[in-house]
Amino acid sequence: MAYLNAGRVGLVGAPTYRMLADATWRTLREILSENEIPFGWNQSEGVVTFEDTGSRVLLRSLHAAESLRGTNLAWFGIDELTYCAESAWTRLEGRLRDPAAARLCGFGVWTPKAHDWVYRRFVAAGEINYKTIFAKPYENRHMLDAAPDFYERLKKSYDPEFFRQEALGEYVAACQSRVYRCFDRNDHVSKQTRRTHLPLLWALDFNVDPMCSVVAQIDGGRLHVLGEIVLRRAGTAEACEQFRARFLPHYRGVTVYGDASGHRMQTAGSSDYQIVRDQLGRGDWGPFSYKTGRSNPAVRDRVALTNSLLRNADGDIRLEVDPGCGELIRDLEEVNYQADTSAIDKDRDKSRTHLSDALGYLIWEEFGPRARVGEQNRPLI
């Protein structure tokens with residue numbers, strides 16, 4: 001589009017600034033460099049200039065549709081369209097009005113996400129106004145030549161519905177509103193016993209009302225949730241007192257996980273994690289360690305990983321919950337997405353999501369993807 005519309009303005013957008021910087025712009029830059037296409041980059045304005053044609057490409061986050069009013073466009077492209085609001089598409093479509101454009105065009109790329117607005121507009125409505133192209137599984141020979149077991153590995157990491165959606169590109173309608181759709185109390189709830197030869201894993205979600213945490217252990221690659229601590233109108237110090245009362249002594253050690261907000265300083269001058277260190281750093285615990293990131297993982301990735309432990313595409317179950325964890329079980333059964341979005345509904349019941357969030361932080365640290373060792377000048381898959 002930049003070459004067809006020489007000297008004109010186009011736009012490449014992504015749902016958020018982070019996705020724009022970490023994925024869309026990085027990939028675009030790699031493609032231009034690898035194909036020896038000369039370009040300039042104005043970081044302060046977020047503009048790429050094609051030196052051969054003088055075409056300008058605006059790189060924009062699409063999280064606020066109203067900000068897209070303004071300049072006439074010759075073309076636009078949207079990455080990860082299903083994570084954008086429909087209003088972003090309609091705003092950009094309305095800007096395809098450059099009278100000097102050789103070819104007006106708007107396009108988007110996406111992975112299916114239930115029967116959302118993208119499905120209704122581009123799939124269910126047929127090809128009256130738009131053309132939709134489906135890339136089927138196993139068509140990407142370049143990727144499969146490099147990683148022949150690509151799909152088999154994803155089966156181990158994804159739950160069945162997520163595998164069909166993300167790997168096979170299918171539209172999956174069943175249970176689309178439930179966040180933890182793979183949870184079934186008949187399969188996942190059973191009496192759990194503390195293993196004295198293994199460390200305790202304590203994961204926290206820092207709130208005042210309720211203050212929530214879960215205690216678990218990993219044995220043979222399976223996660224066993226032993227208990228939960230739910231305190232009303234309480235803080236981190238009170239949670240430490242409860243943890244100490246219920247689980248001290250434990251001589252094989254404790255690892256702490258949790259919300260990245262726990263690193264922020266409170267008005268008293270200590271962070272939540274510092275309070276944990278002060279309260280529990282001494283005692284009959286054995287080794288005491290922390291696995292707490294400076295930022296939380298993406299909700300979508302954390303939820304997908306939790307579902308894969310509940311049941312992956314091969315049918316393996318690697319997560320069990322003690323029946324005494326009543327609030328966590330309610331989370332796994334009742335937490336839903338907001339209608340037609342990928343955002344978790346935290347407003348319908350203020351008591352929900354906290355325990356499943358805490359569990360998710362632990363799962364991400366122990367079962368999530370690991371950073372690659374050594375630098376690579378190309379993607380491995």
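Of Val276, Thr111, Gly13, which is farthest on the positive side of the dipole of the chain, counting Cα position, with +1 on Lys and Arg Cβ, -1 on Asp and Glu Cβ, and the Cα centre as origin?
Val276
Just subtract the alpha-carbon distance of Ala125 and Thr16 from 0.36 nm times their residue separation and send over the number in nm, one decimal.
On the way: separation 109, 0.36 × 109 = 39.24 nm, distance 2.73 nm.
Here the answer is 36.5 nm.
Show me 138-151, 225-238 ranked by packing, highest mean number of other Cβ atoms within 10 Å first.
Details: 138-151: 11.5, 225-238: 18.6.
Those peptides, ordered most packed to least, come out 225-238, 138-151.
Would you mind getting me the FRET efficiency between Arg330 and Phe150? Use the beta-carbon distance for r and R0 = 30 Å, nearest 0.05.
Details: r = 37 Å, r/R0 = 1.22.
Here the calculated transfer efficiency is 0.25.
Whole-Å semi-axes of the chain's equivalent ellipsoid, largest first, each the root of 5 times a Cα gyration tensor eigenvalue?
That gives 44, 23, 21 Å for the three semi-axes.
Can you compute the modelled spin-label distance between Thr196 and Arg29, with each label point 7 Å from Cα toward Cβ, in nm?
Spacing of the two 7 Å Cα→Cβ label points: 5.6 nm.
Among DSSP beta bridges whose residues both lie in the stretch 9-110, state the antiparallel percentage, nearest 5.
Working: 7 of 22 bridges.
Of all bridge pairs located within the stretch 9-110, approximately 30 percent are antiparallel.
Local charge sum around Ile37 (other residues, Cβ-Cβ under 12 Å, Lys/Arg +1, Asp/Glu -1)? Kindly include the intermediate steps, with their values, before the conclusion.
Working: positive: Arg29; negative: Glu30, Glu34, Glu36, Glu51, Asp52.
Neighbourhood net charge equals -4.
Calculate how many DSSP beta bridges within the chain are antiparallel, expressed in % of all such bridges and rounded to the nearest 5.
Values: 24 of 52 bridges.
Just about 45 percent of them are antiparallel.
In straight Cα distance, which lysines are under 29 Å from Lys291, not counting same-chain residues fewer than 8 positions off?
Within the straight-line limit of under 29 Å, Lys291 reaches these lysines: Lys155, Lys156, Lys191, Lys346, Lys350.
What distance in nm lies between label points placed 7 Å from Cα along the C-beta direction at Thr132 and Leu248?
Those two pseudo-labels are separated by 5.9 nm.
Could you tell me the calculated FRET efficiency between His142 and Lys350, based on Cβ-Cβ distance and R0 = 45 angstrom, to the nearest 0.05? The partial results should precede the final answer.
Working: r = 48 Å, r/R0 = 1.06.
According to the calculation, E is roughly 0.40.
Below 8 Å, C-alpha to C-alpha, sequence gap of six or more: please give me the relative contact order for the chain in percent.
15
Computed from the coordinates by the stated procedures, all read-outs in this text should not be read as laboratory data. Treat the numbers as computed from the prediction; the structure is a model and nothing was measured. For neighbour counting, all protein chains shown are included, and Cβ atoms are generated from backbone atoms with ideal geometry for every residue, glycine included.
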